[in-house]
Amino acid sequence: MDYSNQIREITSKLFADNKIDYFVGYRQNSFDDSQVPFLITDPAEIPKLVFTDKSVFNLANYLKPDHTKRKRVGLVVKGCDSRALNLMLTESQVKRENIYIIGICCEGTLDDKGQKPQNCIECVMPDPVVYDEILGTPSGKKKYTVNADIKELAEKALNERADYFEEIFAACIRCNACRHSCPLCYCAKCCIDQETSTLYNGANTTSGAMHALMTWSLHLAGRCVDCRNCEKACPSHLPLHLLHKQNENVIYENFQHHLAGMEKDDRGAFYKYSLSDPDDFIL
Amino acid sequence: METEVKEAQGKIVSAENPDISAPADWKPVIIGILCNWCSYAGSDLTGTSRIQYPPNIRIIRVPCSSRVDPWFIIKSLQSTADGVLISGCHPGDCHYITGNYYARRRFLVAKKLLNFIGYHENRVQFSWVSAAEGQKFAKVVAKVTEDIKKLGPLHRYKKENF
């Protein structure tokens with residue numbers, strides 16, 4: 001999967017036609033073969049743009065806050081990124097007429113070790129759902145599979161699972177990089193920032209981290225698109241996907257196979273209801 | 001996901017942490033979050049009808065069951081509570097027409113997530129109680145209290161531990 005040349009061509013055309021003010025893409029990292037997000041305003045920098053298997057980050061994150069109100073932006077999206085962008089469009093965070101989207105039919109990215117990461121193996125939508133221009137051949141929607149980690153953990157005893165998660169929450173340093181790297185966490189004032197509040201447990205302790213991560217994952221329940229930007233940003237390398245995939249799994253099984261960001265004007269599972277929702281857990 | 005509840009030498013062992021136990025006469029603290037229009041009125045009827053129910057529940061009144069943010073539950077469990085009961089109107093009876101339908105979805109996801117990270121599924125319970133069901137409210141509280149008494153004290157993620 002190498003679309004570097006096509007992206008360079010399209011970008012230089014967009015700049016020549018004065019359709020965009022800046023472009024968000026990827027460039028080669030200077031010290032290894034990884035890639036970093038790259039923002040260009042000058043067409044002279046276009047040759048630095050690349051797109052290969054190593055383009056792992058979600059660029060929809062670079063459209064906030066309020067950027068697209070004043071500037072016209074072009075960006076590259078993979079399947080999962082386009083789902084996040086679709087949700088941002090539905091939630092009126094981005095102006096559609098001010099962005100130019102180059103959608104890539106993704107064949108799966110590669111991590112630092114050169115292997116396909118778990119979320120690419122289990123990907124349900126490798127094709128972009130919202131785009132102006134599409135590169136590659138669409139392969140269609142894939143079958144949803146339950147995450148292997150979730151299956152494994154659900155079979156464990158309650159005590160073991162509790163110990164496992166207590167370790168995870170104890171390792172959290174509460175830097176909030178997970179929230180900053182999430183394209184769907186765009187609130188100007190976030191509830192997990194209240195460090196001195198007596199209502200909110202803002203302490204940098206295990207209980208504080210548990211409160212923050214649980215609240216965060218429940219705010220993203222039914223909206224998370226499994227791009228795993230949060231995990232890539234986490235300095236403690238916490239398996240944050242466990243919380244999100246668990247929610248996604250419950251929502252998929254119980255609420256009419258709902259998956260976030262797949263359709264236009266779908267605001268997520270918690271913004272609608274059905275009379276036949278499961279009721280057996282209620283006394 | 002069900003775990004066996006151990007009872008050793010007349011002591012109640014915590015379901016989440018086998019190292020923690022309480023004496024046999026230990027009484028749990030339960031936070032009850034009730035909707036103003038049905039369950040709160042229902043609990044009022046229980047009182048005025050002189051129906052006995054366990055005194056372990058501490059009641060908080062909210063406008064609607066959809067007012068309950070999942071972090072109310074997390075906050076309760078991190079404070080002194082050993083369990084949480086959330087109660088609202090029956091589906092279709094909501095004062096705000098659709099509030100409890102939205103709440104029902106949120107409760108299911110929150111309950112499963114809390115169970116996933118290591119709370120026993122009976123720690124957090126939900127019920128529909130209408131304003132005329134004073135008898136049912138007493139039964140629900142009795143059941144929840146008994147369930148949580150079996151689970152023992154909750155010791156994970158407590159604020160005062162740090």
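A short reminder: the numbers here are calculations on the coordinates, not readings from a lab. Please read all numbers here as calculations on a predicted model, not as lab measurements. With ideal geometry, Cβ positions are generated from the backbone for all residues, glycine too; neighbour counts draw on all protein chains shown.
With q set to 0.15 Å⁻¹, the log10 of I(q)/I(0) for the range A:100-147, from the Debye formula over equal scatterers at the Cα positions, is -0.45. With one equal scatterer per alpha carbon and no solvent term, the Debye-computed log10 I(q)/I(0) for the protein assembly as shown at 0.08, 0.11, 0.12 1/Å reads -0.52, -0.90, -1.03.
Only counting other Cβ atoms within 10 Å, I'd like A:Tyr273, A:Tyr144 sorted with the fewest neighbours first.
Ascending number of Cβ neighbours within 10 Å: A:Tyr144, A:Tyr273.
Applying 1/(1 + (r/R0)^6) with R0 = 51 Å to the Cβ-Cβ distance of A:Asp2 and A:Cys187 gives a FRET efficiency near 0.90. The separation of the range B:47-121 from the range A:108-142, counted between C-alpha centres, amounts to 40 Å.
Where does the charge balance sit around B:Ile60 when Lys and Arg score +1, Asp and Glu -1, over other residues with C-beta under 12 Å from its C-beta?
Cβ neighbours under 12 Å give a net charge of +4.
Applying a threshold of 31 Å to the alpha-carbon distances of A:Lys156/B:Lys136; A:Lys151/B:Lys150; A:Lys48/A:Lys142 flags A:Lys156/B:Lys136; A:Lys48/A:Lys142 as lying beyond it.
Here the label points at B:Trp26 and A:Lys69, each 7 Å from Cα along the C-beta direction, are separated by 5.4 nm in the simple model. The Rg/Rh ratio for the range A:179-272 is 0.98, where Rg is the radius of gyration of the alpha carbons and Rh is the Kirkwood radius. Report the net charge of residues surrounding A:Asn229, where surrounding means a beta-carbon distance below 13 angstrom and charges are Lys +1, Arg +1, Asp -1, Glu -1. Around A:Asn229, the charge tally is +3.
Altogether, the Stokes-Einstein calculation at 4 °C and 1.567 mPa s, with the Kirkwood radius of the range A:4-135 over Cα pairs as Rh, returns a diffusion coefficient of 86 µm²/s. Here the spin labels are modelled as points 7 Å beyond Cα on the Cα-Cβ line, and at A:Asp265 and A:Tyr62 they lie 3.2 nm apart.
Counting GluC sites (Glu not before Pro) as exposed when in a DSSP loop with at most 15 other beta carbons within 10 Å, what is the longest stretch of chain B free of them? That would be B:5-162. A DSSP coil position with no more than 10 other Cβ atoms inside 10 Å describes the following trypsin sites (Lys or Arg not before Pro) in the range A:178-276: A:Lys189, A:Lys264. Within the range B:94-138, name every residue whose backbone N is under 20 Å away from a label modeled 7 Å from Cα of B:Thr48 along the Cβ vector. Backbone N within reach: B:95, B:129-138. Taking 17 Å as the cut-off, the amide N atoms of the range A:45-65 that come nearer than this to a point 7 Å along the Cα-to-beta-carbon line of A:Asp21 belong to A:62-65.
Using only alpha-carbon positions in the range B:24-156, the gyration tensor eigenvalues give semi-axes of 22, 19, 11 Å once each is multiplied by 5 and square-rooted (largest first).
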